[in-house]
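Step one of this worksheet: look at the structure below.
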């Protein structure tokens, strides 16, 4: 029996134009089984499977920052419980390049990685591990990424 108070990964995906100026780019994907997850992210799937994968979703968004087209990719993984979500986060963080802590009330823990051509936020809250990437390394792009992250995090109750 499904509990209507429990969010699914689809409930957490930011809707088309929910953040003004950011439209869906492509149809995205959802995975409700290990085989579906493998079909979408192949080599990255074992990490999530190792720590209790339940379901996942990804959606890309396109918008403009200072006249430059940018793409945000949002990935959400339901890991079944808080401990598993934290374990995924703890395994990902050492693979990031010079990640900085990001304090926000919408995540239990989050890190920001800034690379020459992209920026990433990874974080976890309750049983969800969330990863967001934007293909632009401007401070304004990081603010957009934080807006996306806070939007998703605030939906997790």
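All of the numbers you see were taken from the coordinates with simple rules; none came from a lab. These figures come from a predicted structure and were not determined experimentally. Here the Cβ positions follow ideal geometry from the backbone for every residue, glycine too, while neighbour counts run over all protein chains shown.
Checking the stretch 18-34 against the condition returns no match, with no residue being touching a residue at least 12 places away in the same chain (Cβ under 8 Å), under 17 Å from residue 146 (Cβ atoms), over 15 Å from the mean Cα position of the chain (by Cα) and in a strand (DSSP E or B). When the stretch 129-157 is filtered for residues that are in contact with a helix residue (DSSP H, G or I) (Cβ under 6 Å, 6 or more places away or on another chain) and within 22 Å of residue 83 (Cβ to Cβ), the ones remaining, listed by number, are 129, 130, 152, 155.
Considering each of 57, 98 in turn, give the residue that is in contact with a helix residue (DSSP H, G or I) (Cβ under 6 Å, 6 or more places away or on another chain) and either surrounded by 15 or more Cβ atoms within 10 Å (Cβ to Cβ) or part of a loop (DSSP other than H, G, I, E, B) (or both). Let's see the steps before the verdict.
Values: 98 fails: in contact with a helix residue (DSSP H, G or I) (Cβ under 6 Å, 6 or more places away or on another chain).
Only one candidate qualifies: 57.
Inspection of the stretch 42-52 finds a residue satisfying the criterion of being touching a residue at least 60 places away in the same chain (Cβ under 8 Å) and in a helix (DSSP H, G or I).
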